[in-house]
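Notes to accompany the following structure.
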Amino acid sequence: EVQLLESGGDLAQPGGSLRLSCVASGFTFRAFAMSWVRQVPGKGLQWVSSLSDSGRITYYADSVKGRFTISRDNSKNTLYLQMNTLRAEDTGLYYCAKDLLTAGSESYMDAWGKGTTVIVSS
Amino acid sequence: DIQMTQSPSTLSASVGDRVNITCRASQSISKWLAWYQEKPGKAPKLLIYDASRLQSGVPPRFSGSGSGTDFTLSISTLQPDDFATYFCQQYNSYRTFGQGTKVEIK
């Protein structure tokens, strides 16, 4: 059974940083691209970022480009999201999700975690 | 950016009802559309991909149709476990989601 377990969500100040983690199990992690998607209160789901299976190809939503960095450690079956220069509008529930393919900005996600909550507020 | 518009935003229905949720894209996305079910405290679940293909393990009462700009998720006979929020997602150009449809008990 595919399992994705996110952690690292917290209360952060505007301008601050957080690092989210997602530990994967139940599938060959190194063979699939992975993504972060957030649920923003009142605005629904927003795709944030995706990363190829090797970790060499990254994709970002315009709203986070230059502030967030996606990465992975295939030896630890773990996906990361480094979030810098946080803004109030980054508040939300952040999901880790498994892509269908090895890479690509266009894909659906066939497995999701339960999410970790990020609150950006002073 | 491709915008996805779902309707209705809330739907009140009873167990046994047939339910239809629509999703409209701001431009053609061919068949590149997925549907998900989301419940509080649970991981979102993929139901349908490529507009009409049923994900493995999803009950056949769920079905998807459409192409181009107009798509529909149908639940043939609503079950108690189906009261949830449903999202569409396009993957023709990057990824964008509809705003969600909450299916609530009538």
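Coordinate-derived values only; no laboratory data. If you're wondering where the values come from, they're calculated on a predicted model, not measured in any experiment. When we count neighbours, we look across all protein chains shown, and the Cβ atoms used for this are built from the backbone with ideal geometry, even at glycine.
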Label zone at A:Ile119, where the point sits 7 Å out along the Cα-to-Cβ direction: the range A:24-44 residues whose backbone N lies under 19 Å: A:38-44
Förster-model FRET efficiency, 30 Å R0, A:Gln3 and A:Gln82, C-beta, rounded to 0.05: 0.85
Distance histogram for the range B:38-81 (every C-alpha pair counted, 5 angstrom bins, percent rounded to whole numbers): 5, 20, 26, 26, 16, 6, 1
Cβ-based exposure ranking for B:Asp81, A:Asp73, A:Asp53, in which fewest neighbours within 10 Å come first: B:Asp81, A:Asp73, A:Asp53
Computed P(r) (all Cα pairs; the protein assembly as shown; 10 Å bins; percent): 8, 34, 36, 19, 4, 0
19 Å Cα-Cα threshold exceeded, pairs from A:Lys98/B:Lys45; A:Lys65/B:Lys102; A:Lys98/B:Lys102: A:Lys65/B:Lys102; A:Lys98/B:Lys102
Relative contact order %, the range A:17-122, counting alpha carbon pairs below 8 Å whose residues are six or more apart: 32
Within a Gaussian network of chain A (alpha carbon springs, distance under 10 Å), most fluctuating of A:Arg72, A:Arg56, A:Arg38: A:Arg56
Cα centre as origin, Lys/Arg/Asp/Glu Cβ charges: chain A dipole, Debye: 220
Gaussian network model of chain A, springs between alpha carbon atoms under 10 Å - residue of A:Lys43, A:Lys76, A:Lys65 with greatest fluctuation: A:Lys43
Net charge, B:Thr5 excluded, C-beta distance under 11 Å - Lys, Arg +1, Asp, Glu -1: 0
B:Lys102-A:Ser17 pseudo-label distance in nm [points 7 Å out on the Cα-to-Cβ vector]: 3.8
Value of Rg to Rh for chain A (Rh from inverse mean 1/r over Cα pairs, i.e. Kirkwood): 0.94
